[in-house]
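Read the structure below first, then the notes.
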Amino acid sequence: MGLIAVVGFWPTYFGPLVTGTIAQPLLIHIHATVFTGWLVLFLTQAILAATKHVTWHLRLGKIGIGYGALLVVVGLSTGVMRSSRLPLGGEAEDLLFAATADMVVFSSFFTAAIVYRRKPQVHKRLMMVAANMLLIAAVARMTFIPPPPGGLPLFLTIWFLPLIAAMAYDWWSQRRIHAVVSGKVQGVGFRAFTQEEAEKLKLTGYVRNLKDGRVELVAEGRPDDVSTLLTKIKQGPPGARVDKIDSKEEAPTGESGDFKVDR
């Protein structure tokens, strides 16, 4: 994501900035600083979440809410001020529309991410989309991309490359199992035990009793965490006896939400 931003803005901003030949007004410097800072903040938050430094992630997230609002204000202000200096009749309107559309799309996903901040699986995906939407300006400045319609497939591929990579990682890093547990597993708190252990591991899915006395469960999450859950349910809660677990792998769905007890 950062690489796309640097490559896109290298000819007009980062390159001249490094060589000391940049000649841009203060407004552009402010805009560039705020938007670059956002990418740094986003990547820092992603690293904190991935390394399970949750406390710091939450603390920085409070700052991030205010920073996101600042980014929208700066983005809209830059669009209005730059377009006001252009002649009417096409270019000014196009610039103002692009700036407004970017900020509306970003703020929509960003607001949704704030609303769902207590649901990590939803929150992180919304934040990813919000951050990715900002890359359109960088991709639009890549001179090696042919003009549309011929260059549209390459334009869209580069723009959505971070999302494509994230979806591929999600698929590779998730595991989903469907298991049926036999033994003395009903009337002994087995479902509540399974739910508690699954929630500790931040897994999604469900557990429920079957009419034949067995218990069925579906769990999805990080492969190691799913394996840990299987180990836990082999032991079961006090009073339970697990005779057999029939489990099979299923394709991860990327579902979000809590691990539930179906009644």
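The values are calculated or read from the model by the stated rules, or taken from the named source; none is laboratory data. Since we're looking at a predicted model, the values are computed, not measured. Every residue, glycine among them, receives a Cβ derived from its backbone with ideal geometry; neighbour counts consider all protein chains shown.
I'd like to know if the range 142-149 contains one or more residues that are surrounded by 14 or more Cβ atoms within 10 Å (Cβ to Cβ) and assigned to a helix (DSSP H, G or I).
no
Let me spell it out: the conditions are (1) closer than 27 Å to residue 129 by Cβ; (2) surrounded by 14 or more Cβ atoms within 10 Å (Cβ to Cβ), and residue 165 meets all of them except one. Which number is the exception?
For residue 165, the failing item is (2).
Those residues that are surrounded by 19 or more Cβ atoms within 10 Å (Cβ to Cβ) and either not hydroxyl-bearing (Ser, Thr, Tyr) or not in a helix (DSSP H, G or I) (or both), I need them from the range 75-89; list them, please.
75, 79
Of the residues 83, 108, only one is within 18 Å of the chain's Cα centre (by Cα), of a type in the set (Gly, Ala, Ser) and modelled with pLDDT of 90 or more; which? Steps first, please.
On the way: 83 fails: within 18 Å of the chain's Cα centre (by Cα).
Answer to the selection: 108.
Based on this model, can you work out whether residue 48 counts as surrounded by 14 or more Cβ atoms within 10 Å (Cβ to Cβ) and under 18 Å from residue 121 (Cα atoms)?
Considered against the rule, which asks whether it is surrounded by 14 or more Cβ atoms within 10 Å (Cβ to Cβ) and under 18 Å from residue 121 (Cα atoms), residue 48 comes out as yes.
Rundown of residues vs (1) of a type in the set (Gly, Ala, Ser); (2) modelled with pLDDT of 95 or more; (3) on the phi < 0 side of the Ramachandran plot; (4) not assigned by TED's automatic domain parsing to the domain that holds residue 222, yes/no style:
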residue	(1), (2), (3), (4)
113	yes, yes, yes, yes
117	no, no, yes, yes
155	no, yes, yes, yes
180	no, yes, yes, no
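How many residues, within the range 210-222, are under 27 Å from the mean Cα position of the chain (by Cα) and not in a strand (DSSP E or B)?
Qualifying residue count, the range 210-222: 1.
Quick check on the range 182-204: of everything there that is under 21 Å from the mean Cα position of the chain (by Cα) and outside any helix (DSSP H, G or I), which residue is nearest to residue 262 (Cα to Cα)?
In this case the residue turns out to be 204.
If you go through the range 37-59, how many residues are part of a helix (DSSP H, G or I) and either charged (D, E, K, R) or closer than 17 Å to residue 107 by Cα (or both)?
6
Considering only the range 236-263, how many residues are loosely packed, with under 12 Cβ neighbours inside 10 Å, out of contact with any Lys or Arg (no Cβ under 8 Å at 6 or more places or on another chain) and in a loop (DSSP other than H, G, I, E, B)?
1
Out of the residues in the range 201-210 that are over 19 Å from residue 249 (Cβ atoms) and modelled with pLDDT of 95 or more, which is surrounded by the most Cβ atoms within 10 Å (Cβ to Cβ)? Break it down into steps so the answer makes sense when it comes.
First pass over the range 201-210, keeping only residues over 19 Å from residue 249 (Cβ atoms): 202, 208-210.
With the extra rule that they be modelled with pLDDT of 95 or more, the set shrinks to 208-210.
Details: 208: 14, 209: 17, 210: 13.
Only one residue tops the list, namely 209.
Being free of Cβ contacts under 8 Å to residues at least 40 places away in the same chain and over 26 Å from residue 118 (Cβ atoms): is that true of residue 213 here?
yes
Any residue at all in the range 31-52 that is over 24 Å from residue 159 (Cα atoms), among the β-branched types (Val, Ile, Thr) and within 22 Å of the chain's Cα centre (by Cα)?
Yes, the conditions are met somewhere in the range 31-52.
Exactly one of these conditions fails for residue 207: (1) under 16 Å from residue 260 (Cα atoms); (2) assigned to a loop (DSSP other than H, G, I, E, B); (3) among the β-branched types (Val, Ile, Thr). Give me its number.
Condition not satisfied by residue 207: (2).
Please indicate, with yes or no, whether at least one residue in the range 120-131 is hydrophobic (A, V, I, L, M, F, W, C), assigned to a loop (DSSP other than H, G, I, E, B) and over 21 Å from residue 35 (Cα atoms).
No, because not a single residue in the range 120-131 is hydrophobic (A, V, I, L, M, F, W, C), assigned to a loop (DSSP other than H, G, I, E, B) and over 21 Å from residue 35 (Cα atoms).
Please enumerate the residues belonging to the range 13-32 that are in a helix (DSSP H, G or I) and surrounded by 13 or more Cβ atoms within 10 Å (Cβ to Cβ).
Within the range 13-32, the subset in a helix (DSSP H, G or I) is 13-19, 26-32.
13, 14, 15, 16, 17, 27, 28, 29, 30, 31, 32, listed by residue number.
I'm told residue 35 meets every condition in (1) touching a Gly at 6+ places or on another chain (Cβ under 9 Å); (2) farther than 20 Å from residue 129 by Cα; (3) surrounded by 14 or more Cβ atoms within 10 Å (Cβ to Cβ) except one. Can you identify the failing condition by its number?
Result: residue 35 passes all but (2).
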